[in-house]
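The block underneath contains the structure these notes are about, expressed in structure tokens.
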Amino acid sequence: MNKLEYFKAKVDATVSPMDYMKLKKMKNENVILLDVRNAPKALKKDKIKDSIELQQVDLADNLDQLAKDKIIVVYCWDTWCNLAAKACITLLENGYECIELSGGIASWKTMNLPVEKL
């Protein structure tokens, strides 16, 4: 894979918080936002508003909780976290359509987008 192919693939596999908001507005019922952070609620403290929580370590055993006819946007902690990427691999291997939210909940909160307290 050359650099151009890499960046095209990266753009195709990720969505920024603002682009997620546009996607959700256009395809509201066809988009699921999935929080895959592995941590107890005491450490999480909050999540992106209206997201579903399913820890990455439990994802493979709970795929039946997710609809295959939806676009699943997956997020984790931050740019240094790879839980969302691992979750996307599991989802793609099992026939789901998914993309990663760039920057995780940290980028979301930096932009002052809506969160819910846990």
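The values are calculated or read from the model by the stated rules, or taken from the named source; none is laboratory data. Source: prediction; values computed, not measured. Reconstructed Cβ throughout: ideal geometry from the backbone, glycine too, with neighbour counts over all protein chains shown. Areas reflect the complete protein model, heavy atoms only, side chains present, ligands, DNA and RNA absent. Shrake-Rupley method; radii C 1.70, N 1.55, O 1.52, S 1.80 Å.
Observations, loosely collected:
- Ligands, DNA and RNA left out, the accessible area of the chain computed with a 1.4 Å probe is 55% carbon and sulfur.
- Sorting the segments 92-98, 60-66 by their residues' average number of neighbouring beta-carbon atoms within 10 angstrom, most packed first, yields 92-98, 60-66.
- Listed peptides 109-116, 72-79 appear in the order 72-79, 109-116 once ranked by packing, highest mean of other Cβ atoms within 10 Å at the front.
- Projecting the Cα atoms of Val36, Thr110, Leu59 onto the charge dipole of the chain, computed from C-beta unit charges around the Cα centre, puts Thr110 farthest toward the positive end.
- The equivalent ellipsoid of the chain has semi-axes of 20, 17, 15 Å, largest first, where each one is the square root of 5 times an eigenvalue of the Cα gyration tensor.
- Qualifying lysines (Cα of each under 20 Å from Cα of Lys86; at least 8 residues distant if same chain): Lys8, Lys10, Lys44, Lys47, Lys68, Lys70
- The stretch 76-98 and the stretch 29-68: distance between their alpha carbon centers, rounded to Å: 11 Å
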